[in-house]
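Notes follow once the structure below has been shown.
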Amino acid sequence: MKHVTKKPLKQEQRWQTKISGGNFVDKFHAYRNLHAHALFSSLGRLVASRFSSAMTIVVLAIAISLASGFYILVANLQQLAGNLEASNQISLFLKDDISEGKASGFANTIRKNPDIQDVKLITKEQALAEFQAYSGFGEAVKTLEKNPLPIVIQVWPKKSLENEQALKALLDDFGRMAEVDFAQMDMQWVKRLQSIMEVARRGVTLLSLLLGAGVLFITANTIRLELHNRRDEVVIAKLVGATNGFIHRPFLYSGFWIGFFSGIAAWFIVTTIMLILKQPVENLSRLYDGAFHVLFLGFTETLALLFISSVLGVVGSWIVLHFQLRQLKPE
Amino acid sequence: MLKFDNVSMRYPEAGDVLRNVSFHLERGEMAFLTGHSGAGKSTLLKLIAVIERCSRGQVLLDGQNLNLAKDRQVPYIRRKVGLIFQDYKLLQDRTVFDNVALPLVIAGYGHHEVSRRVRASLDKVGLLGKERKYPAVLSGGEQQRVGIARAVVNKPPLIVADEPTGNLDPELSAEIMHLFEQFQQVGVTIFIASHDISLISQMNHRVLKLDHGQLVTS
Ligand SMILES: Nc1ncnc2c1ncn2[C@@H]1O[C@H](COP(=O)(O)OP(=O)(O)OP(=O)(O)O)[C@@H](O)[C@H]1O
Ligand SMILES: [Mg+2]
């Protein structure tokens, strides 16, 4: 400041409000104050009307947990299908009249095939023992007079043999051999399972979209009611110079809180259900090769869940504000 | 400060409510607006706060043509005008403090600044100590003073009041008018619509009279 004016400030000048202008720091503080105000006042109102807030949040949480529950279910099934995919093996069930000696010779011939990686012979006794151990029919099997199981040769084609047609041709060749009763490629039902999974995954996507739309409109309706209840406040705020941003902000934050808390509640619902299912599923898994473990919502998935529900809440309230607040003039 | 230049206002339903109204209020002036019921007083005041826009002519506030103001500028215009209403327009579920603080919160003032200014404003209207009360437990005169505190808390250059004493007894009305005079003395422009002729005549200020939408004396 070069020169301080000698004339004292006129009173009216001192009275003038700082309507605009101010330096950057002031503006930043004002902006931060406005946001903090909206954030906490909307949270405060949510707490103040805890009964209706809780009901809305529970309804939303159920919708969100349905979507994310199906998602995690499919993810678990997919893990199961993924485990199976590793073994694109062929099982040859030999005819009943083939002796064990013949079978082992037959296995050795197969081993010489350049397309074949590995061959394993499972004798009738081995098959029966395995069946007794894993099927849970142990005692019943002991009462059988004659071992009903066939000799099985498991064949692993070379990894280079990825071509589906080549695999199919190989399978057909095996099927025509005199010793073989019938040949089965484990790939086939894995493939079938995978296409079922694909359907399920699409189903989850569609279901999520549908439930997401539901969440959107439930939030929108909640915010509409809130807007209706606080009509006077909105009108008065506009009369004393509130910008649309100031009016919108608390409602957007309300939408955010509703979505966010619904997301948290949905997470708890899904996790509780998974915890309840965990033990029986692990038991079942142990009966087979134990490679399957229950998948829970992971860190990224949890973040995504909370993010998506919060965004739905904000968008839902934005829709209402966009269409309803325009009509709300001070008069 | 405030200039009306050949302003006409037409409501589709009610026809011409204001016709060729022209006047000029100087900065720091205090003026009354009178006229029969339905003369157009409230409508005229609404033009100042851009609650309505005039159909012809122009309204200038601080040199700014309010007709040309964009919607997003309107809030900033309203911050220059302290509005006071006959029915006070207070938020019943908020304390006196929160009601008065509203314009400051809207303008984004920090907690301490809000608190300081609200107290100063309540002190001016003689309501310091009632900050924690709710409007419903206050008398009409006290509620109107809360309304006035809210209108001046942001230190606007112009205060516009529509029938501020309409619901008050003569003694309280005189008290409120005296309060407005105090604000005028610190340089605020005051514009009050009222049909309380006896009260207006006691006070020595400019009087604008509307008759069927036309200004008959100024
Ligand atoms: N929103 C509106 N739509 C249509 N006509 C209106 C509207 N507001 C006011 N009017 C009409 O405009 C005329 C003037 O109304 P205004 O409220 O300005 O009168 P006033 O001088 O304030 O009266 P009072 O002393 O009773 O408050 C009235 O005839 C009224 O019917
Ligand atoms: Mg009126």
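The values are calculated or read from the model by the stated rules, or taken from the named source; none is laboratory data. All figures in this text were calculated on a predicted structure; none of them were measured in a lab. Ideal geometry is used to build each Cβ from the backbone, glycine not excepted, and the neighbour counts take in all protein chains shown. SASA here: full protein model, heavy atoms, side chains in, ligands and nucleic acids out. Shrake-Rupley method; radii C 1.70, N 1.55, O 1.52, S 1.80 Å.
Here are the numbers for this structure:
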| read-out | value |
| --- | --- |
| Principal axes of segment A:90-184: Cα extent on each, largest first, Å | 44, 25, 18 |
| Tail fraction, Cα-Cα pairs, segment B:1-80, threshold 14 Å, whole percent | 61 percent |
| Efficiency of FRET from Cβ geometry, A:N244 and B:H24, R₀ 35 Å, rounded to 0.05 | 0.65 |
| Reachable aspartates and glutamates from A:K168, criterion Cα separation under 14 angstrom, eight or more residues apart if same chain | A:D115, A:D186 |
| Chain B - convex hull of the alpha-carbon atoms, volume per residue in Å³ | 123 Å³ |
| Heavy atoms of A:K120 accessible to a 1.4 Å probe, total area in Å² rounded to 10 | 100 Å² |
| Rounded to the nearest 10 Å², the accessible area of A:M177 at probe 1.4 Å | 70 Å² |
| Carbon plus sulfur fraction of accessible area for the protein assembly as shown, probe 1.4 Å, in percent | 59 percent |
| Accessible area, probe 1.4 Å, largest first, for residues A:W257, A:W318 | A:W318, A:W257 |
| Degrees between helix B:96-106 axis and first principal axis of chain B (Cα, 0 to 90, nearest 10) | 60 degrees |
| Estimated vicinal HN-Hα couplings, Hz - segment A:234-239 in sequence order (Karplus 6.51, -1.76, 1.60; Gly, Pro = x) | 4, 4, 5, 4, 5, 5 |
| Residues in segment B:148-164 occluded by at least 50 Å² - accessible area, probe radius 1.4 Å, against chain by itself | B:K155 |
| In the B-A interface, the accessible area buried, summed over both sides, Å² (probe 1.4 Å) | 2800 Å² |
| Cut-off under 5 Å, modelled amide H: who pairs with B:M30 long-range | B:I190, B:R206 |
| Estimated inter-spin distance, A:L284 and A:Q324, nm [label 7 Å along Cα→Cβ] | 4.5 nm |
| Along chain B, longest interval not containing exposed GluC sites (Glu not before Pro), exposed being DSSP loop plus at most 14 other Cβ atoms within 10 Å | B:27-218 |
| Cross-link pairs beyond the 27 Å C-alpha cut-off, checked among A:K102/A:K191; B:K41/B:K155; B:K41/B:K89 | A:K102/A:K191 |
| DSSP beta bridge pairing in the protein assembly as shown, given as percent antiparallel to the nearest 5 | 65 percent |
| 5 Å binning of all Cα-Cα separations within segment B:94-155, expressed as whole percents from 0 upward | 4, 22, 36, 24, 11, 3, 0 |
| Accessible area of B:D169 in the full protein assembly, 1.4 Å probe (Å², nearest 10) | 80 Å² |
| Reduction of at least 20 Å² in accessible surface, 1.4 Å probe, comparing all protein chains with the chain by itself, residues of segment B:63-84 | B:P75, B:Y76, B:R78, B:R79, B:K80, B:L83 |
| Alpha-carbon spread of segment A:208-289, three principal axes, descending order, Å | 72, 20, 18 |
| Listed residues A:L287, B:L172, A:L325 arranged by accessible area, highest first, probe 1.4 Å | A:L287, B:L172, A:L325 |
| Per residue solvent-accessible surface (Å²) - the protein assembly as shown, probe of 1.4 Å | 53 Å² |
